1. In 10 Å bins starting at zero, report the fraction of Cα pairs in region 3-110 per bin as a rounded %.
2. Fewest to most neighbouring Cβ within 10 Å: what's the order for M389, M91?
3. With n ≥ 4 as the cut-off for DSSP H runs, can you work out [θ] at 222 nm for the chain, using -39500 (n - 2.57) per run divided by the number of residues, rounded to the nearest 500?
4. Give the lysines reachable from K196 as a straight Cα distance under 30 Å; neighbours fewer than 8 places away on the same chain don't count.
5. Taking 0.36 nm per residue of sequence separation and subtracting the Cα-Cα distance, how much length would be gained by fully extending the chain between Q250 and T182, in nm to one decimal?
6. Would you mind computing the Rg to Rh ratio of region 134-269 from its alpha-carbon coordinates, Kirkwood style for Rh?
7. Only bridges with both residues in the chain count here: give the DSSP antiparallel percent, nearest 5.
8. Fewest to most neighbouring Cβ within 10 Å: what's the order for D56, D103, D203?
Amino acid sequence: MKIRQLDTYVVGNPPPHYGGRYFIFVRLISDDGIEGFGEVYTATFSPHVVEAMIKDVFEHHFLDANPFEIEKLWRRVYGRGYTLRPDISLMSVLSGLETACWDLVGKAVNKPVYQLLGGQVHDRLRSYTYIYPRLGEDDAVYREPELAAARALEYIDMGFTALKFDPAGPYSVYDGRQPSLTELDRSEKMVTTLRKAVGNRADLLFGTHGQFTASGAIRLAKRIEAADPLWFEEPTPPENPSEMARVARQTSIPIATGERLTTKYEFAKVLEAQAASILQMALGRVGGILEAKKIAGMAETYYAQIAPHLYCGPIEGAANAQLATCTPNFLILESIENWQGFHADILRKPMRWEEGYVIPSTEPGIGVELDIEVALANPYNGKALHLEMAQDPVQP
């Protein structure tokens with residue numbers, strides 16, 4: 001089998017934009033007409049610049065290549081341009097193309113990817129969602145505990161047993177910093193109110209965005225510890241795992257991190273520093289499915305678990321599910337609510353979600369396929385980045 005063609009799709013994500021402003025999908029077509037799909041999660045450049053990067057990597061390394069030779073392709077891209085180091089933009093491009101190769105391989109042998117990476121371990125995958133506003137409502141649910149509690153109960157009625165929220169306030173390019181007293185009070189009240197509302201029916205996942213210094217994060221952890229969150233996510237910036245480890249040593253709340261990290265090399269530093277016991281690799285960024293499987297294997301030796309991160313489209317979501325299905329130390333999967341709306345419309349057949357769980361697909365490859373007509377009908381023509389941080393320091 002040889003790869004003969006690349007198609008890219010920069011797709012606008014309609015309101016309410018859950019998962020980001022746009023999604024970047026790739027399709028590889030083999031010489032025998034098999035299609036393989038992947039998703040590139042690159043937030044560092046505008047999407048059409050990323051599209052040009054994808055084409056450049058494809059032409060240099062994937063055109064006429066054998067998609068079964070994933071290790072060889074991975075090393076050639078990882079080392080291109082005299083790098084051999086974790087480059088978040090290059091790894092994002094590689095992730096999407098690598099996922100598409102796995103999709104081709106699975107379809108060629110008529111097996112789901114998880115059957116090629118050790119076989120099925122989990123029959124269903126526990127999932128969580130952010131507490132999002134109801135359609136048509138403003139974003140007050142992110143700040144007002146009583147509104148968040150009411151919304152949380154609605155998600156529990158849907159079947160969710162874990163909910164994420166991030167009430168600590170804005171984040172900026174100047175973080176980490178000390179949390180203000182207002183941010184500390186709001187965070188404590190949010191967690192306390194949610195715990196009182198949901199009782200033991202749902203785990204609470206406290207999200208931040210690397211906003212704080214280690215000492216600031218420790219102050220915040222002490223405020224929320226009594227509500228027993230399942231995790232405290234990315235309490236400090238991602239560059240220095242030893243500082244995150246200071247937080248981990250001074251709280252009983254498990255630390256989760258990884259959405260901004262790429263490759264086994266960066267995750268190894270997290271594990272060696274004992275900075276986190278829950279790893280949140282994003283498969284559209286980390287280096288692909290096989291790289292994530294290697295990271296999960298390293299995590300097993302530290303009794304750490306994986307909780308694949310998702311803030312993009314359903315192709316990455318499907319790749320996350322493939323990894324989770326064959327991984328013994330899988331903990332929980334991030335969902336965009338219950339995979340309905342545009343996340344269903346953009347696929348030929350939507351992800352299967354039942355009563356709080358993603359059900360692994362038995363279809364070959366990654367288990368889903370992009371609906372090309374829907375993708376072409378929803379182009380994204382803007383220049384904004386997928387995610388953006390405040391450009392000025394956050395004022396207390």
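What follows draws every value from the coordinates through simple rules; no lab data is involved. These numbers come from a predicted model, not from an experiment. Glycine gets a Cβ as well: all are built from the backbone with ideal geometry, and neighbour counts include every protein chain shown.
1. All Cα pairs, binned at 10 Å, distribute as 15, 48, 29, 8, 0 percent.
2. Fewest-to-most ranking of M389, M91: M389, M91.
3. Calculated from helices alone, the mean residue ellipticity at 222 nm is -11000 deg cm²/dmol.
4. Partners within reach: K164, K222.
5. That works out to 22.3 nm of additional length.
6. When Rh is taken as the Kirkwood radius, the ratio is 0.98.
7. If I count the DSSP bridges inside the chain, around 50 percent turn out antiparallel.
8. If I rank by nearby Cβ atoms, fewest first, I get D56, D203, D103.
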